[in-house]
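What follows is a short report on a single structure.
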Amino acid sequence: MPSFDIVSKVDAQTLDNAINNAKKEILNRFDFNGSKSTIDLDKKTNVITIVTEDDMRLKAIEGSIISRMMKQNLDPKSLNFGDEHHASGNMIRKEISIKEGLDKEAAKKVVAKIKASGLKVQPAIMDDQVRVTAKKIDDLQAVISLCRNEDFDQPLQFINMRN
């Protein structure tokens, strides 16, 4: 039976390129001249750490990261903005985590939406992904179209289309 998987993943190399481009942009901006702002990406834990002097610069760095991600075709919905913490002195630290995989609530929303559509498909939650099987490929393509038009607060990718 034809099937495919619905996942939520971020390409690590593309994310790294986006963060490096944001770093270069921040270094070259006039309003960051003499600033001690830093942007670090921890590839093992998928956490971006921003350290800067004030809220204005923090918002500018966040905007730069989001715009660079969009230029690299990464969805900014995969960013989970944490709280701001005061680091040593007058510095502000903010950690942004990257959402990887579908969490249980998002997977349940996807399955409920697919079942409510009335299409003759069988969605099943498998760890951090949803597998959809059907007798016809046309039904699977209708599910993909349905999920692309819906907002699940996470970017979705459709992989492993099998016949």
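Annotation for region 69-163: trypsin sites (Lys or Arg not before Pro) lying in DSSP loop with at most 10 further Cβ atoms inside 10 Å of their Cβ are K120. What's the angle, to the nearest 10 degrees (0 to 90), between helix 104-116's Cα axis and the longest principal axis of the chain? Taking the Cα atoms of the chain, the angle to 104-116 is about 40 degrees. Based on Cα contacts under 8 Å between residues 6+ apart, the chain shows a relative contact order of 35 percent.
Its relative contact order, with pairs defined as Cα atoms under 8 Å and 6+ residues apart, puts region 67-130 at 23 percent. Compared with the dominant principal axis of the Cα atoms in the chain, helix 55-71 is inclined by about 40°. Out of A22, A12, A116, any idea which swings most in a Gaussian network model of the chain, alpha carbons joined below 10 Å? Of A22, A12, A116, the Gaussian network model singles out A116 as fluctuating most. Solvent-accessible area of the chain (1.4 angstrom probe, protein heavy atoms only): carbon and sulfur portion equals 47 percent.
With a probe of 1.4 Å, find how much accessible area the chain has per residue, and write the answer as a whole number in Å².
59
Mind sorting out which of (i) 1.64; (ii) 1.41; (iii) 1.27 is the real Cα Rg over 2.2 N^0.38 Å computed from the coordinates? Evaluating Cα Rg over 2.2 N^0.38 Å on these atoms matches (iii). Ordering Q141, F152, A116 by the projection of their Cα atoms onto the charge dipole of region 116-161, which places +1 on the Cβ of Lys and Arg and -1 on the Cβ of Asp and Glu, puts Q141 at the extreme positive end.
The heavy atoms of S35 present about 30 square angstrom of accessible area, all protein chains included, probe 1.4 Å.
Relative to the first principal axis of the alpha-carbon coordinates of the chain, what is the inclination of helix 137-149, with its axis defined by its Cα atoms, in degrees from 0 to 90 and to the nearest 10? Taking Cα atoms only, the helix is inclined about 30 degrees.
About its Cα centre, the dipole of the chain is roughly 600 debye, where the only charges are +1 on Lys and Arg Cβ and -1 on Asp and Glu Cβ.
The values are calculated or read from the model by the stated rules, or taken from the named source; none is laboratory data. Everything quoted here is computed from the prediction, not taken from an experiment. Glycine gets a Cβ as well: all are built from the backbone with ideal geometry, and neighbour counts include every protein chain shown. Heavy atoms of the whole protein, side chains included, go into the accessibility calculation; ligands, DNA and RNA do not. Shrake-Rupley method; radii C 1.70, N 1.55, O 1.52, S 1.80 Å.
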